[in-house]
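Visitor: The following block contains the structure, expressed as structure tokens.
The values are calculated or read from the model by the stated rules, or taken from the named source; none is laboratory data. Being a predicted model, the structure only gives us computed values, none of them experimental. Cβ: placed from backbone, ideal geometry, glycine included. Neighbour counts: every protein chain shown.
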Amino acid sequence: MRPEPFRIEPIFSPRLWGARSLAPLFPEKSNLPEPLGEAWLTGMDCCIASGPFAGKTLGTAWTEMPVEWRGSRLAAEANFPLLVKFIFPTEKLSLQVHPDDAYAAAHEQAAGGRGKTEMWHTVSALPGAELLLGLKPSVNREQFREGLASHTVEDLFEAHTVQTGDTFFVRPGTPHSIGPNLIVCEVQEYSDLTYRVYDFGRVDASGKPRELHVEKALQVMKFGKPANGKVPSMLLSADSPTRSLLAACRYFATERWECSAKCEIAVDPERFELIVILEGAGSFAWADSAVLYHRGECWLVPASQGHVDVLPETTTSLIRTYVPDIPALRMELLRNGIATVALAQVIFD
């Protein structure tokens, strides 16, 4: 079974706050009968559309992938490590927080036992779009409870104006919400643990409110610690392709590439790569093969691939994300002349 890149079909999830059109990323998803809020690009139940694993779910394929596909550092990883999504809010998401690995391992084994560290990259934003990330520095647990009781808890959050291309890093324990008029690409460690604390009084089609998890949220919420806020992207190459590091931590490193002509993505044999097409069309080429790519698609490139060429027919914007070796990444960037203080703004321990 020769390793080769393959495309993963997304799964679309209904959400009360979602959109009835997912264009332009998914133009076929327009005039929807119910709002869709998320497109899971690497869910365990996502179907593989091409290559030797075609027809299998990503979860099943992962259990069968030899080291040539996974990479040497991920050979013993029991579960697929990266969850990538698009988020399409037309209303505010609930006010929520995620636990860290230690809390999840102790209290959430039935839900996988993994915490949730994530980043958001803004694919598009209308004027006035904003999100909430972190609490104001003076807010304590008692004030938060009072805010919940008086329905003023939203006023305790730090609000951030959002523009297309902005990136935010979200540590576990940081309360947050994404607002409307945005499309976000979310990259995270593979976990679906969310503790919802306030949902703006919304009810589902049967008139029932969604479950809240206030007590668990208060156990993991970090008071008195400022959130990271907007992350300044780090330019890696100004030549074609333009490459920028958006954010990195031990769970993921994520870059944005702008490709107007043929370019090469080098693949480290230690890990597989995920490529998500934000805009444009063209083809990927390797060895004696080539396949077309389109906007909204997610592709997995095996660790042993060596490299894959991007041949854009129209200018292509893509996300490249992988599980990094953070010390090695830091040393590489230092050797390339990046200052330590600049690294601290993009690489998170």
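Visitor: For the range 236-254, does any single residue satisfy the condition of being of a type in the set (S, T, N, Q) and at pLDDT below 95?
Guide: Yes: the range 236-254 contains one or more residues that are of a type in the set (S, T, N, Q) and at pLDDT below 95.
Visitor: Would you say residue 261 is among the small types (Gly, Ala, Ser), in contact with a strand residue (DSSP E or B) (Cβ under 9 Å, 6 or more places away or on another chain), surrounded by fewer than 21 Cβ atoms within 10 Å (Cβ to Cβ) and not assigned by TED's automatic domain parsing to the domain that holds residue 47?
Guide: When the stated conditions are applied, residue 261 passes them.
Visitor: Could you look through the range 171-189, keep only residues that are outside any strand (DSSP E or B) and not polar (S, T, N, Q), and pick out the one that is nearest to residue 119 (Cα to Cα)?
Guide: The residue in question is 171.
Visitor: Still on this structure: For the range 197-209, state whether one or more residues are hydrophobic (A, V, I, L, M, F, W, C), assigned by TED's automatic domain parsing to the domain that holds residue 36, in contact with a strand residue (DSSP E or B) (Cβ under 6 Å, 6 or more places away or on another chain) and crowded, with 21+ Cβ neighbours inside 10 Å.
Guide: Yes, because at least one residue in the range 197-209 is hydrophobic (A, V, I, L, M, F, W, C), assigned by TED's automatic domain parsing to the domain that holds residue 36, in contact with a strand residue (DSSP E or B) (Cβ under 6 Å, 6 or more places away or on another chain) and crowded, with 21+ Cβ neighbours inside 10 Å.
Visitor: Say whether the condition of being farther than 30 Å from residue 5 by Cβ, at pLDDT 95 or above and touching a Phe, Trp or Tyr at 6+ places or on another chain (Cβ under 7 Å) is met by at least one residue in the range 66-89.
Guide: yes
Visitor: Same structure, new question: Please go through the range 190-201 and give me each residue that is among the small types (Gly, Ala, Ser) and within 13 Å of residue 116 (Cβ to Cβ), ordered by number.
Guide: The one that is among the small types (Gly, Ala, Ser) and within 13 Å of residue 116 (Cβ to Cβ): 191.
Visitor: Okay, moving on. Give me the strands (runs of 3 or more DSSP E) completely within the range 4-56, filtered to those with at least 2 residues that are over 16 Å from the mean Cα position of the chain (by Cα), modelled with pLDDT under 95 and surrounded by 15 or more Cβ atoms within 10 Å (Cβ to Cβ), ordered by residue number.
Guide: So the answer is none; nothing clears 2.
Visitor: Looking only at the range 64-91, count every residue that is surrounded by fewer than 21 Cβ atoms within 10 Å (Cβ to Cβ) and in a helix (DSSP H, G or I) and tell me the total.
Guide: Here the count works out to 6.
Visitor: Still on this structure, I have one more. Say whether the condition of being crowded, with 20+ Cβ neighbours inside 10 Å, among the hydroxyl-bearing types (Ser, Thr, Tyr) and either out of contact with any strand residue (DSSP E or B) (no Cβ under 7 Å at 6 or more places or on another chain) or within 24 Å of residue 238 (Cα to Cα) (or both) is met by at least one residue in the range 272-291.
Guide: no
Visitor: Among the residues of the range 92-113, which ones are of a type in the set (S, T, N, Q), outside any strand (DSSP E or B) and buried (at least 17 other Cβ atoms within 10 Å of the Cβ)?
Guide: 94
Let's see how each residue does on (1) touching a Pro at 6+ places or on another chain (Cβ under 9 Å); (2) within 21 Å of residue 188 (Cβ to Cβ):
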site: 15; (1), (2): yes, yes
site: 18; (1), (2): yes, yes
site: 50; (1), (2): yes, no
site: 64; (1), (2): no, no
site: 71; (1), (2): yes, yes
site: 94; (1), (2): no, yes
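Visitor: Still on this structure: What tally of residues in the range 103-122 results from selecting those that are over 20 Å from residue 228 (Cβ atoms) and out of contact with any helix residue (DSSP H, G or I) (no Cβ under 8 Å at 6 or more places or on another chain)?
Guide: 5
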